[in-house]
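Visitor: Mind having a look at this structure? Questions to follow.
The values are calculated or read from the model by the stated rules, or taken from the named source; none is laboratory data. Here the structure is a predicted model, which means the values were calculated and not measured. No Cβ is skipped: glycine too gets one built from the backbone with ideal geometry, and neighbour counts run over all protein chains shown. These accessible areas exclude ligands, DNA and RNA; they are computed on the full protein's heavy atoms, side chains included. Shrake-Rupley method; radii C 1.70, N 1.55, O 1.52, S 1.80 Å.
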Amino acid sequence: MSDTLELAKKLISLKSVTPEDAGCQEVLSGILEPVGFKCRTLREGMYPTFNLLALHSADPQASFEGDPALLKSNPGPYDASGLKAPGPFTIFLGHTDVVGPGDTAAWTSDPFDPVIRDGMLYGRGAADMKSSDAAMTIALRNFVTRHPDYKGTVGLLMTSNEEGDAVGGIPYVAEWLKKEKLYPQYCIVGEPSSSGKFGDTIKIGRRGSMTAHITINGKQGHVAYPHQIDNAAHKGAQLIAALVEHHLDDGNEDFPPSSFNVTNFNAGMGAENVAPGTCQIMCNWRFNPLQTPVKLQRMMEKKMEQLGIYATVRYVVNGLPFISSRDGLLVNAMRDAVIANTGVTPDLNTLGGTSDGRFIAPLGTEVVEFGPINATIHQVNENVCAADLDTLTAIYEQVLEKLHL
Ligand SMILES: [Zn+2]
């Protein structure tokens, strides 16, 4: 069995449902530490989230231990200990947590007992994203062993809270990296990006995401006395219609048009004759760089004003859009490696949901996402083609060679 496949199976067997890590990160440090990686676990307060940061450099200027004197003079949640990561600095980003298996009886085999049937590796996390975690780790191990004189710094960053709310996860680590002045130039996210064929998609950026929680106030009353009521559900429907009809933009070369969707609508108490006095709406925008959260919020305020609707709105910005240059070193290295190893020419796009890459991109880091086929993620009988694991490892290793030799 290949090292990557063996490691992927080991990780799948550990029941790391968000935000549990279940010992996955220890298994990964167990592979990287013996070849000289400095591994540390980063945790925010009492949160159950585990983050692993493993760094390696052949450069004598590198320091990942921290200066004890600086450590002493800078007590607090951050080390601020003068770590040094000489460039180019590339980091692989992944998550060890998985979504729950749901109804385990619906699975053909135990979701936490990895098995290979007809060349496919089955198990929760097989595609999202323990196979990639294994491939990234083995690629890093192979790379530093085969090229002891490589340039710069390479690393692995893992969180156990990507599928959940990310509390204590990569947003915390990004803050820590900022305090330590450790700014990766390149970040490779191993999320399953391929759709129909392995190698067909590299994500070179992501749209932004903003959610609005809206409470509309009217006046409750008996439907037989319409002049005494102010129906909040009607107002909600008007507001939704206005937002659905509003044309945001046409997108651009890299991004599809921004979109709006209602995700929840709640009003009334179930009584046939009572008009609701309040109405709750939850909605979300996926937006490209032609929009900003403030621009969207202004648009929303204007709609409410035009319709004479009084509402309280709470906005949650889940992520800002980001894009890595199509002609940049990282995108090119990834595209070349994918073509060389799969024979498939990947489409470069920004489609799909957000990923933890959105927390690293604001550090000025170029981010790309590449991984196996995502057709079965979060589903019963999640699986990935077992043979793709070694190809994926070779792709990651080749990208490191292009960036660091
Ligand atoms: Zn994932």
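Visitor: Taking amide H positions as placed 1.01 Å from N in the peptide plane, with prolines and chain starts having none, which residues 5 or more places from Gly221, or on another chain, fall under 5 Å of its amide H?
Guide: The answer is Ala275.
Visitor: Go through the range 170-181 residue by residue and turn each phi into a ³J(HN,Hα) via Karplus (6.51, -1.76, 1.60, θ = phi - 60°); whole Hz please, and just put x for glycine and proline.
Guide: The phi angles translate into 5, x, 5, 5, 4, 4, 4, 4, 5, 4, 7, 6 Hz.
Visitor: Right, here's the next one. Note down the relative contact order for the chain as a percent, whole number, built from C-alpha pairs under 8 angstrom at least six residues apart.
Guide: Result for the chain is 23 percent.
Visitor: To continue, here is another question. Between Gly152 and residues 5 or more places away or on another chain, which pairs have amide H atoms under 5 Å apart, with H built 1.01 Å from N, and which residues are they?
Guide: Under 5 Å from the amide H of Gly152 lie the amide H atoms of Ala58, Asp59, each far enough along the sequence or on another chain.
Visitor: Shifting gears a bit: With no solvent and one equal point scatterer per Cα, compute the Debye intensity ratio I(q)/I(0) for the range 208-319 at 0.13, 0.20, 0.23 Å⁻¹ and report its log10, rounded to two decimals.
Guide: -0.52, -1.01, -1.24
Visitor: Another question about this same structure. For a quick check of your reading of the filter: which trypsin sites (Lys or Arg not before Pro) in the range 105-161 sit in a DSSP loop and have no more than 15 other Cβ atoms within 10 Å?
Guide: Listed in order of number, the matching sites are Lys151.
Visitor: Here's something else I'd like to know. Using only the alpha carbons of the range 116-255, determine the length spanned along each of the three principal axes and report them from longest to shortest in whole angstroms.
Guide: Reported extents, whole Å, longest axis first: 81, 48, 33.
Visitor: Another question, then. With unit charges on the beta carbon (Lys/Arg positive, Asp/Glu negative), name the residue among Tyr310, Thr215, Gln228 whose Cα is farthest towards the positive pole of the charge dipole of the range 208-319.
Guide: The one lying farthest along the dipole's positive direction is Gln228.
Visitor: Each residue of the range 360-370 in turn: what ³J(HN,Hα) in whole Hz from Karplus with 6.51, -1.76, 1.60 and θ = phi - 60°, glycine and Pro shown as x?
Guide: Values per residue, Gly and Pro as x: 8, 3, x, 7, x, 8, 7, 10, 10, 10, 8 Hz.
Visitor: With +1 on each Lys and Arg Cβ and -1 on each Asp and Glu Cβ, how big is the dipole of the chain about its Cα centre, in debye rounded to the nearest 20?
Guide: 920
Visitor: Which distance in nm do the two modelled labels at Tyr183 and Val274 give, with both placed 7 Å along the Cα-to-Cβ direction?
Guide: The answer from the label model is 5.7 nm.
Visitor: Could I ask something else about it? Just the accessible area per residue of the range 208-319, please: how many Å² with a 1.4 Å probe?
Guide: Here the per-residue accessible area is 55 Å².
Visitor: I would also like to ask the following. Rounded to the nearest percent, how much of the accessible area of the chain (1.4 Å probe, protein heavy atoms only) is carbon and sulfur?
Guide: Roughly 51 percent, rounded to a whole number.
Visitor: How much length is gained on full extension from His222 to Arg298, taking 0.36 nm per residue of separation minus their Cα-Cα distance?
Guide: 23.9 nm
Visitor: With the radius of gyration and the Kirkwood radius both derived from the Cα set of the range 95-147, what is their ratio Rg to Rh?
Guide: Radius of gyration relative to Kirkwood radius: 1.11.
Visitor: Name the most mobile residue of Leu248, Leu389, Leu32, meaning the one with the largest mean-square fluctuation, in a Gaussian network model of the chain with Cα contacts below 10 Å.
Guide: Leu248
Visitor: On to the next question. May I ask for the angle, rounded to the nearest 10°, between helix 293-307 and the longest principal axis of the chain, with both axes built from Cα atoms and the value confined to 0 to 90°?
Guide: On a 0 to 90 degree scale, this one is about 10.
Visitor: Further question: Using square roots of five times the C-alpha gyration tensor eigenvalues, list the equivalent-ellipsoid semi-axes of the chain in whole Å, biggest first.
Guide: 43, 25, 22
Visitor: Which residue fluctuates most in the GNM of the chain (Cα springs below 10 Å): Met210, Met129, Met300?
Guide: Met300
Visitor: Net charge near Leu403, counting Lys/Arg +1 and Asp/Glu -1 over other residues with Cβ under 14 Å of its Cβ?
Guide: Net of charged neighbours comes to -1.
Visitor: Here is a further query. What list of ³J(HN,Hα) values in whole Hz, one per residue of the range 139-153 in order, does the Karplus curve 6.51 cos²θ - 1.76 cosθ + 1.60 (θ = phi - 60°) give from phi, with Gly and Pro shown as x?
Guide: The phi angles translate into 4, 5, 4, 4, 4, 5, 6, 7, 10, x, 10, 5, 8, x, 10 Hz.
Visitor: So how far, in whole Å, is the C-alpha centre of the range 256-286 from the one of the range 323-373?
Guide: Each part reduced to its Cα centre gives a spacing of 36 Å.
Visitor: Determine the relative contact order of the range 127-221: mean sequence separation of Cα pairs under 8 Å and six or more apart, normalised by residue count, in whole percent.
Guide: The value is 28 percent.
Visitor: Rounded to the nearest angstrom and ordered from largest down, what semi-axes does the equivalent ellipsoid of the range 297-372 get from its C-alpha gyration tensor (root of 5λ)?
Guide: That gives 39, 13, 11 Å for the three semi-axes.
Visitor: Below 8 Å between Cα atoms, with a sequence gap of 6+, how large is the relative contact order for the range 208-319 in percent?
Guide: Reported as a whole number, the value is 43 percent.
Visitor: Just to be sure I understand: with springs between alpha-carbon atoms less than 10 Å apart, which residue in Pro19, Pro114, Pro34 has the highest mean-square fluctuation in the Gaussian network model of the chain?
Guide: For the chain, modelled as a Gaussian network with Cα springs under 10 Å, the answer is Pro34.
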